[in-house]
1. Run A:Arg39 past the list (1) modelled with pLDDT of 80 or more; (2) not assigned by TED's automatic domain parsing to the domain that holds A:Tyr118 and report the number of the one that doesn't hold.
2. Taking segment A:72-99 on its own, how many of its residues are of a type in the set (A, V, I, L, M, F, W, C) and surrounded by fewer than 20 Cβ atoms within 10 Å (Cβ to Cβ)?
3. How do the strands (runs of 3 or more DSSP E) wholly within segment B:240-326 filter down when requiring 2 or more residues that are surrounded by fewer than 16 Cβ atoms within 10 Å (Cβ to Cβ), in the same structural domain as B:Gly121 (by TED's automatic domain parsing) and modelled with pLDDT under 90: which remain?
4. Could you give every pair whose Cβ atoms fall below 7 Å, whose first residue belongs to segment B:236-258 and is free of Cβ contacts under 8 Å to residues at least 40 places away in the same chain and closer than 12 Å to B:Ala223 by Cα, and whose second residue is among the hydroxyl-bearing types (Ser, Thr, Tyr) and surrounded by 16 or more Cβ atoms within 10 Å (Cβ to Cβ), counting only separations of at least 6 or pairs across chains?
5. Out of (1) at pLDDT 85 or above; (2) more than 9 Å from chain A (Cβ to nearest Cβ), what's the single condition that is false for B:Leu74?
6. Give all pairs with beta carbons closer than 9 Å in which a residue from segment B:106-132 that is in a loop (DSSP other than H, G, I, E, B) and surrounded by 12 or more Cβ atoms within 10 Å (Cβ to Cβ) meets a residue that is of a type in the set (Phe, Trp, Tyr) and modelled with pLDDT under 80; count only pairs at least 6 apart in sequence or on separate chains.
7. For the list (1) modelled with pLDDT of 90 or more; (2) assigned to a helix (DSSP H, G or I); (3) hydrophobic (A, V, I, L, M, F, W, C), I need the number of the one condition that B:Ala137 fails.
8. So B:Val191 clears everything in (1) under 21 Å from B:Ala237 (Cβ atoms); (2) within 13 Å of chain A (Cβ to nearest Cβ) except one condition, right? Which one?
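The values are calculated or read from the model by the stated rules, or taken from the named source; none is laboratory data. Here the structure is a predicted model, which means the values were calculated and not measured. Note: ideal-geometry Cβ built from the backbone for every residue, glycine included; neighbour counts use all protein chains shown.
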Amino acid sequence: MRLRERDIGPVSDPLPYLHRMANNLMLDRYRSSIRREKREQEWSGGGDMGERSPEPSADDRLVAAERLERVRQELDGLGARVALVFRRFRLDGVGQKAIAEELGVSLTTVEKDLQKAYRALANLKDSFDAE
Amino acid sequence: MRGVSAAGIKHDRLHTMIDEQALDWVIRIRDPDFSDWEDFTQWLEADPAHGSAYDRLADWDEGLPAMVPPARPLPQPANDPGEPGWKRWRTGGFATAAAAVLAVGVYMAVPRADPYTVSTGAGEQREVALADGTRIALNGDTSLRLDRKNPRFAALDRGEAVFTVRHDEANPFRVNVGNAVLQDAGTVFNVTRVGGVMRVGVSEGKVIFNPEAQAIDLPAGKALRLAESNGTATTFAIAHDAVASWQHGQLVFDNAPIGDVAADIGRNLGVTVRADPAVSARTFTGTIGLDRDASRFFGAAAPLMGLAAARQGDAWVLKEGDGASR
C-alpha cells in the first residue's frame with residue numbers, strides 16, 4: 001500500500017493510519033470470500049434460485065421484528081447506562097474517551113460497559129443462529 | 001432475567017477464551033484512539049484461530065447497527081435549558097429520555113470532569129486560552145463547554161469558534177459538535193454549528209471528522225458541511241483566508257447556500273437574519289465586508305448577492321432582488 005499525500009492530505013503519523021487501512025482491507029477480503037462461498041453453495045444446491053422471491057416473506061418480517069425487540073430488551077435489561085454507552089459508541093460513532101467525558105465516568109467504566117453489552121449481544125446472536 | 005432463549009435453554013456459547021479475546025479486540029479497534037496495532041498483530045500471529053475468530057466477530061460487528069433498534073423514547077420530562085447534557089441527548093436521536101435523565105444524574109453526581117461553559121451574546125466576541133496553550137476565539141451568540149480537568153476537549157453547542165490547537169499528537173484535541181466529533185493533533189480550524197448544520201473549515205494542519213465512523217480527513221484548505229438531520233456530509237475546498245474570515249471583519253463565501261449566508265450574517269451582526277424560502281437554496285460566491293450598521297450593510301451586501309433585504313420588526317429577510325434594499 002502506498003500513501004499518496006496528494007490524495008489524503010498531510011498525515012501526521014502514517015503508521016496507525018496504514019494499520020487501520022490494512023485491517024479494513026483484510027476484513028473486506030474476508031467478507032468477499034464469505035459471500036463467494038455462500039453464492040457457490042447456493043449455485044451448487046440446485047435450481048430453486050428462480051423461484052426465490054426477492055421480497056422477505058411475512059414470516060421473515062415477523063421474525064426480524066421479533067428479534068429486533070429481543071435485542072432491545074436484552075440491551076435495556078443491562079441497565080440504562082450500559083445501553084446508552086453502547087449506543088453512543090456503536091450507533092452514534094462516539095469514541096470511548098469522549099463518552100467517558102460526556103458522562104463524567106472513568107474510561108474503565110466505559111470499557112466494562114461495552115464488554116458487557118457486546119457479550120450479551122453476541123450470546124443473543126448465537127441463540128438466534130440456533131433457532 | 002437474561003439469556004433465556006425461546007427454547008428455554010440458556011445459550012452461552014461465548015465461553016471460549018479466543019472468542020472473548022477476539023471480541024475485546026473488535027471493540028478496541030473500533031475506537032479512534034486505538035493504536036496498539038503491534039499487540040494486535042502479535043495476538044493474530046500467535047494462533048491461526050485468532051484471526052478466524054476476529055474476522056468472524058468483526059464481520060458480525062459490521063452488521064450490528066442494523067440489528068440494534070434505537071432506544072424507545074419515554075414521555076419527556078420538562079426540558080431544563082440550563083442543562084447542556086440533557087439538551088444534547090434530546091437531539092441525539094438514539095438515547096431514551098430515561099437513559100438521558102440517568103446520564104445527567106451520573107454526569108452531575110460523579111463529576112470526574114470539571115465542566116464549565118463559555119458563551120457570548122449576539123455580536124460579541126471572546127477569546128479563551130486553555131491550560132495546554134490552545135486558544136479558542138468565539139464569535140457572537142456562541143456557547144462552548146470546556147473541562148478544567150481536560151484541556152484537550154471542547155463541545156461547541158451553538159455558534160462559531162476558531163480553534164488554534166497546540167500540537168500534541170499523543171493526545172489529540174477533540175471537539176464534540178452535537179453527535180459529531182472533530183479530532184486533531186495541532187491545527188487551526190473554524191467550526192460553526194447553527195440551525196441543524198455544522199461546518200468546519202481547516203486553515204492549518206489536519207482535522208479528522210468522526211474518526212470512529214466516517215473518518216473523513218480534512219487537511220488545510222478543506223471544509224465539510226454536515227446536515228445534522230440526516231447525517232449527510234459534503235466536503236469542499238476553502239480558501240485559507242476564508243476559514244475564519246469573521247475574525248478580520250469579512251465573510252468569504254464559496255458556493256454557500258443563501259440560508260447559511262443569512263445565518264452567518266446574523267451571527268456576526270448580532271441581529272436575526274432569515275432567507276426567504278424562494279432564495280435560500282441558491283448559492284453565493286463572494287466576499288462581504290462586515291458593518292455594524294445593519295442598514296448600511298444590507299444596502300451594500302444584498303445587491304452584491306443579487307438579492308434585496310427587507311426589515312421585519314427586529315429581523316431582516318433576504319429575498320428576491322429588485323436592485324435596491326428597503
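1. (1)
2. Residues of segment A:72-99 that are of a type in the set (A, V, I, L, M, F, W, C), as a first pass: A:75, A:78, A:80, A:82-86, A:89, A:91, A:94, A:98-99.
Remaining after also requiring surrounded by fewer than 20 Cβ atoms within 10 Å (Cβ to Cβ): A:78, A:80.
Summing the residues that are of a type in the set (A, V, I, L, M, F, W, C) and surrounded by fewer than 20 Cβ atoms within 10 Å (Cβ to Cβ) in segment A:72-99 gives 2.
3. Values: elements: B:250-257, B:273-275, B:283-289, B:307-312, B:315-320.
Fully inside segment B:240-326 and qualifying: nothing.
4. Filtered contacts from segment B:236-258: B:His240/B:Ser203.
5. With (1) at pLDDT 85 or above; (2) more than 9 Å from chain A (Cβ to nearest Cβ) applied to B:Leu74, the lone miss is (1).
6. Listed by first residue and then by second, the contacts come to B:Ala113/B:Tyr107.
7. (2)
8. With respect to (1) under 21 Å from B:Ala237 (Cβ atoms); (2) within 13 Å of chain A (Cβ to nearest Cβ), B:Val191 is out only on (2).
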